[in-house]
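Here's the structure we're looking at; comments come further down.
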Amino acid sequence: MMKNVLPALLLLLLPAVVLANTCVECHTEITPNIVSDWKLSKHAENDYFCDACHGDAHQSADDVSNVLLPTVETCATCHDDQVEQFSKGKHALAWTVLNAMPTVHAQPMVLIEGMKGCGGCHKMGLKSAEEVARLKSEGSGFGHASCDACHTRHMFSKKEAMQPQACQTCHMGFDHPQWEMYSSSKHGVRYLLKQNGILPESSAAPTCQTCHMQEGNHEVRTPWGFLAVRLPLPEDEQWKADQVTILQALGVLDPEGNPTARLDAVKAADLARLTQEDFDRERDKLLKVCSDCHSDNFAKGEIEKGDAMIKEADHLLAEAIRIIAALYEDGVLAKPDGYSYAFPDLLTFHDAPTLVEQQLFEMHLKHRMRAFQGTFHANPDYALWYGWSEMVRDLSSIREMAKTLRAGK
């Protein structure tokens, strides 16, 4: 019986084998490094050929337009657990958040949908089928799979994605220099020495993934979120007032402190921790992993220093916001068109129209980020010189510019 079945099975498999061999043979000449990477992959090892991700409608140079380009749904066919985890985390929201920024579409589209600026990293966010179709019709045909941002094509290596360098391309630079903070911290230095073989493989040295993707969970979340704002507001009255001012400048509270439509959008996207329980859940995860190398008391104390740094940075930022809001209120500075309330809009970024507003943008998104993230990432220079010290100087500049503007009115 078995002898009769085997030839039939081989006949059924034959078209796929022929197609796979054709793909490999042709692309060995046309794109040899794609083929060599694929041959090193688990896909090749387990006989997943090109058509598994790209379909079988492209079979010659005359029908290249028929090739399917993978999306996250393609990956979910086999990796549904990882995709489900990813879909719950902040990386999945990257594209939505990018397009929600008030002035993002004022940028050259090569930077956004052309993916040579913000879009180069934020492309990893989930998109609807309609959005993917629109992007492809406008010439943005690649980079919509999300998973390949870390498991790069065509090896899709798990080992590669587990290295801190996998995070480096996006988590560096102006507004989120986590790579610079981590790689020059003791944590990062020890891991790089471990990678170089100077420290033993068994040495304790955390990667980004150790803390933020515990046990390989692709749902990446943090207690304070990206902008270090949360609910409920602090019990400390001064900090509470400062956070209210910042939330007003972020447009999620109106001048009376009432929620706005932006807050509804933040809630719907689950961008920030909006209950004590949600905050504590993420904080407890971090404390647990810190305690693998440090005592509980040490870990808790170090993380609380990050909270304290946010409080101190918020006080400087809130004063700067109030100075510029007062300039609007007194008619010294024209409130830009499109600002809903009598507060500077921190989300307009470099499109803020005057030098004093530009200084506030840098204070918020560049220097405040360094102050608190440098503290959490155990990097003293980023916490002080690139963060807190710069904020102090920003505030001095804003005070002086406000004084000059009032004198010239």
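Within 10 Å of each candidate Cβ there may be at most 10 other Cβ atoms; applying that plus a DSSP loop requirement, which GluC sites (Glu not before Pro) in the range 238-308 survive? Please report the intermediate quantities before stating the final value.
Values: sites: 256, 277, 282, 302, 304; in loops: 256.
Within the range 238-308, the qualifying GluC sites (Glu not before Pro) (loop, at most 10 other Cβ atoms within 10 Å) are 256.
With protein chains left intact and a 1.4 Å probe, residues in the chain average 55 Å² of accessible area per residue.
Below 8 Å, C-alpha to C-alpha, sequence gap of six or more: please give me the relative contact order for the chain in percent. List each step's numbers first, then the result.
Values: 467 pairs, mean separation 53.7, N = 409.
Once normalised by length, the contact order is 13 percent.
Largest GNM mean-square fluctuation among 263, 40, 227, using the chain with Cα springs under 10 Å: 40.
Label the chain by shape, choosing from rounded, prolate and oblate, from the square roots a ≥ b ≥ c of the eigenvalues of the Cα gyration tensor; if a/c is under 1.5 it is rounded, and otherwise prolate applies when a/b is larger than b/c, oblate when it is not.
Numbers: a/c = 2.45, a/b = 1.72, b/c = 1.42.
Since a/c reaches 1.5 and a/b is larger than b/c, the shape of the chain is classed as prolate.
Considering only 87, 389, 295, the Gaussian network model of the chain with Cα springs below 10 Å gives its largest mean-square fluctuation to 295. Projected label points at residue 280 and residue 329, each 7 Å from Cα along the beta carbon direction, are separated by 3.7 nanometres. Computed from label points 7 Å out along Cα-Cβ, the spacing between residue 312 and residue 399 is 1.8 nm.
Roughly what angle does helix 186-195 make with the longest principal axis of the chain, taking Cα atoms, 0 to 90 degrees, to the nearest 10? The two axes meet at around 20 degrees.
For residue 409 and residue 291, a Förster radius of 56 Å and the Cβ-Cβ distance give a FRET efficiency of 0.45, rounded to the nearest 0.05. Would the range 47-133 count as rounded, prolate or oblate if I go by the C-alpha gyration tensor, calling it rounded below 1.5 in a/c and otherwise prolate when a/b exceeds b/c, oblate otherwise? The shape class here is oblate.
Treating only the Cβ atoms of Lys and Arg (+1) and Asp and Glu (-1) as charged, compute the dipole magnitude of the range 155-224 about its Cα centre; round to the nearest 20 debye. Walk me through the numbers before you get to the answer.
Details: 6 positive and 6 negative charges, 37 e Å.
Here the size comes out at about 180 debye.
Using the Cα gyration tensor of the range 215-289, with a ≥ b ≥ c the square roots of its eigenvalues, what is the shape: rounded (a/c below 1.5), prolate (a/b larger than b/c) or oblate (neither)? Oblate shape, in that a/c is at least 1.5 and b/c is the bigger or equal ratio.
Place a +1 charge on the Cβ of each Lys and Arg in the range 184-281 and a -1 charge on the Cβ of each Asp and Glu, then give the dipole magnitude about the Cα centre in debye, rounded to the nearest 20. Each step should come with its number before you reach the end.
Working: 10 positive and 14 negative charges, 113 e Å.
In debye, rounded to 20, the range 184-281 gives about 540.
How large is the dipole of the chain about the Cα centre if only Lys and Arg carry +1 and Asp and Glu carry -1, each at its Cβ, rounded to the nearest 20 debye? Kindly include the intermediate steps, with their values, before the conclusion.
Working: 39 positive and 56 negative charges, 137 e Å.
I would put it at about 660 debye.
For the residues 348, 152, 28, a GNM of the chain with alpha-carbon springs under 10 Å puts the largest fluctuation on 28. Total lysine pairs in the range 241-400 at Cα distances under 30 Å, for residues eight or more apart or on different chains: 21. What a 1.4 Å probe finds exposed on the range 335-379 is 53% carbon and sulfur by accessible area, rounded to a whole percent. Please determine, in degrees from 0 to 90 and to the nearest 10, the orientation of helix 296-329 with respect to the longest principal axis defined by the Cα atoms of the chain, where the helix direction is its Cα long axis. Once rounded, one gets 60 degrees. Under 22 Å of direct C-alpha separation, and excluding same-chain neighbours fewer than eight residues apart, residue 136 reaches these lysines: 116, 123, 127. Compute the signed sum of charges (Lys and Arg +1, Asp and Glu -1) over the other residues within less than 15 Å, Cβ to Cβ, of residue 236. Spelling it out: positives minus negatives among the neighbours equals -4.
In summary, the lysines within cross-link reach of residue 194, defined as a Cα separation below 21 angstrom excluding same-chain residues under 8 places away, comprise 158, 159, 186. Counting only protein heavy atoms and using a 1.4 Å probe, what share of the accessible area of the range 127-241 belongs to carbon plus sulfur, as a whole percent? About 59 percent, which is the carbon plus sulfur part of the accessible surface.
The values are calculated or read from the model by the stated rules, or taken from the named source; none is laboratory data. Note that this is a predicted model, so its numbers are computed, not measured. Don't worry about glycine lacking a Cβ; one is built from the backbone with ideal geometry, like all the others, and counts go over all protein chains shown. Calculation scope for accessible area: heavy atoms of the full protein, side chains included, ligands and nucleic acids excluded. Shrake-Rupley method; radii C 1.70, N 1.55, O 1.52, S 1.80 Å.
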